[in-house]
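Step one of this worksheet: look at the structure below.
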């Protein structure tokens, strides 16, 4: 029993804390234009995490100093954006709130970069007030 408890505790720690590392602060994030080219989008207040153990562990929070209307005219909309849950300690990112905002129209999801890793796209969601979030999700090209 003690061995099982220790193994369970170790597995929990590794999944929730162990593999994540902060992503270096940045002032831009890549986003795909309506024409299909990838270009930098200026951002402020970037906070991000990622892990080598999975291409789906990337999460980021930031603000976008460009209006949502301007973004929707210039950048490709992500059709199947589903924010993935992040670790509870990364408190700027709330997948349920982002998902609800996408459904209600309070936020719009854009294609950040297609195939940032094989079969994985980076998605960027932007709220009307300029809050921005990014995550990686499967794109279906590897036969999910």
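Of note:
- Residue exposure sequence - 56, 41, 142 - by fewest surrounding Cβ within 10 Å: 142, 56, 41
- Contact order normalised by residue count of region 22-138, Cα under 8 Å, 6+ apart, percent: 27
- Seen against the Cα atoms of the chain and their longest principal axis, helix 95-104 is set at about 30 degrees.
- Of 19, 93, 133, the residue with the greatest mean-square motion in the GNM of the chain, using alpha carbon springs below 10 Å, is 19.
- With each label modelled as a point 7 angstrom along the Cα→C-beta vector, the residue 63-residue 42 pair spans 1.4 nm.
- Sorted fewest first by neighbouring Cβ atoms within 10 angstrom, 89, 135 come out as 89, 135.
- Stretching the chain fully between residue 72 and residue 51 yields a gain of 4.5 nm (0.36 nm per residue, less the alpha carbon separation).
- Sorted by Cβ neighbour density within 10 Å, fewest at the top, the residues 61, 92: 92, 61
- Computed [θ] at 222 nm, deg cm²/dmol, the chain (DSSP H ≥ 4; -39,500 (n - 2.57); rounded to nearest 500): -6000 deg cm²/dmol
- Structure-derived percent of Cα pairs over 22 Å apart: which label, when the choices are (i) 32; (ii) 39; (iii) 50: (ii)
Only the coordinates and a few stated rules stand behind these numbers; no lab work does. In this text the structure is predicted, and so the values were computed from the model without any measurement. Virtual Cβ from ideal backbone geometry, glycine too; neighbours counted across all protein chains shown.
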